[in-house]
Amino acid sequence: MVLKRTKGYQDIDGNSTAQSRNEPVDPDTIIPQEIEMASVAVVPDDTYTVTQAVNALGFGWFQVKLSLWTGLCWMADSMEMTILSILSPALHCSWHLTRYQQALTTTIVFLGMMLSSTFWGNLSDRYGRKHALSLCAVLLFYYGLLSSIAPSFMWMLLLRGLVGFAIGCTPQSVTLYAEFLPTKQRAKCVVLLDVSRFPCNQSTSNRIVILQCFWALGACFEVALALIVMPTLGWQWLLALSTGPLLAFAMICPWLPESARYHVASGQTDKALETLEKIAKDNGKPMLLGRLVVDDVTLSSPHRGRFKDLLVPSLRLTSLLLWFIWSSCAFCYYGLVLMTTELFETSSIVCREGVKPGQSLDTCVADCRQLQTTDYIDLLWTTLAEFPGIFITISIIERFGRKKTMAVQFIAYAICCSFLVICPGKRAILTLMLFLARGIIAGVFQAAYVYTPEVYPTSLRSVGVGSCSAMARLGAMVTPYVAQVLLKTSISFATSIYAAAALLAAIACLLLPIETTGKELPENTVEQASANK
């Protein structure tokens, strides 16, 4: 037997020898006693896959470092999204923008994200996750920095659209992170945006915790930065300083590990082995001996599934309902983010001048009101609501089920929106309602991320989640015209639209044909169809 590595082998089943399984051993494969090591175990076929190696090497310092690096990317993405709610009011006063132009500065970012998703996915699969993320970080930093010195509205639109195009790559950080997680820890760490590569029969309700916490942390950090920068330096400096995490991530990228799965799939076995040796060294585990082979899943699934397969009879109702749920969720979430600053900006006008909730507000530049320190503090409080929203959802979703959890949260969000039609003269009431609504809708997003990968079969899981994500961006593209344009015409009408969308989404949740709590992930459409019955 030729040993390709001499650092020892740890049996992934936890057995020390092949004899402990009562299996015959070829005498030629017995290692002489003078070179035998206590950490070496022999397996009959002397081969292993990347999946087996990652599971054997476990979760350790390597994954901890990767969590911080990919979390930094997720945090930078969140900051670029949060800044939209702060940038629009500032541009309204500085450049005399109309409400439609304000809404367009937000819509263009989501349009860039939607158009670039396929591009970044193909680039990542062809050249590797590390190279795609490195290019993404450089472009995000470059275009974000240029946005801070944009000389006109059209230049701002172009640059923010390019920022959105670059943001479309950030989900690849989740893919890279997931590909280095052992199966057991994977279910506790991330939402698997490309779950079809990693079949797992465990509950997925805790996948969202780590990266979603980084998302919430990024949103809070952006608001805190605005609290310090905006009153003195203005929006240009806020845009420039907000690129700091992107610069940090770009500088870290040379040390990012490339996915061992990508290396094996592209025929670069030696590089995959080097990466696995790095994991073993960082985690303090012995390296596996034998020959690295391609995972059977990679060989047996050359085609991940097609979009039209989502509309086969057994999946048609599920797909249509999920598309509406995801679109409504993004519509309500980003609508609340944008509406928060708009309500802070107009609340004093509405209540001081006695304007009725349904009455049109004058939005000329002379009447524009810059956000004050108290506005940023209240905005920070409402943003902090995402943390309890995430953890409360995780704590109840297993007990009450995915469908009921999402439905009840949508209804609760609608109730909070109904309170916003009342004149928000009491600032504490306005802040409390926004806090509750922000935490609730953040929880709905997490529950949707949990349910969607569980309901689709393995062959369609990736395209299923991807299609839902695309629908979410459509909802996000529409919401500025309600939160920033219609709100100025009628507060009650705008908030009623969000309440109605949430109620319709709650009904859609209850109409979903299958509850996935406690059920194993379906491997094919036959299993999924039987689960519907």
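Quick look at the values:
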{"read-out": "Given charges at beta-carbon only (K, R positive; D, E negative), |dipole| of segment 239-288 in Debye", "value": "100"}
{"read-out": "5 angstrom amide H check on Arg291, placed H, neighbours 5+ away", "value": "Thr47, Tyr48"}
{"read-out": "Accessible surface ranking that places the most exposed of Arg129, Arg316 first, with a 1.4 angstrom probe", "value": "Arg316, Arg129"}
{"read-out": "Theoretical gain in end-to-end length, Lys65 to Trp255 [0.36 nm per residue, Cα-Cα removed]", "value": "67.3 nm"}
{"read-out": "Other-chain or far-sequence residues with amide H under 5 Å of Thr517's (modelled H)", "value": "Arg402"}
{"read-out": "Convex hull volume per residue in cubic angstrom - Cα atoms of segment 397-514", "value": "96"}
{"read-out": "Length added when fully stretched, Val293-Thr47, from 0.36 nm per residue minus Cα-Cα", "value": "87.9 nm"}
{"read-out": "Label-to-label distance, nm, for residues given as Thr374 and Thr98 (7 Å Cα→Cβ offset)", "value": "3.3"}
{"read-out": "When each of Lys130/Lys308; Lys130/Lys281; Lys130/Lys403; Lys65/Lys285; Lys65/Lys130 is checked by Cα-Cα distance, pairs over 25 Å", "value": "Lys130/Lys308; Lys130/Lys403"}
{"read-out": "Residues with amide H under 5 Å from that of Gly128, placed H, sequence gap 5 or more", "value": "none"}
{"read-out": "Thr269-Phe153 FRET efficiency (beta carbon distance; Förster radius 56 Å; 0.05 resolution)", "value": "0.60"}
{"read-out": "In range of the label at Arg427: residues from segment 366-407 whose backbone nitrogen is under 20 Å from the point 7 Å along Cα→Cβ", "value": "368-385"}
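The values are calculated or read from the model by the stated rules, or taken from the named source; none is laboratory data. Please read all numbers here as calculations on a predicted model, not as lab measurements. With ideal geometry, Cβ positions are generated from the backbone for all residues, glycine too; neighbour counts draw on all protein chains shown. When the accessible area is computed, the model is the full protein with side chains, heavy atoms only, and any ligands, DNA or RNA have been set aside. Shrake-Rupley method; radii C 1.70, N 1.55, O 1.52, S 1.80 Å.
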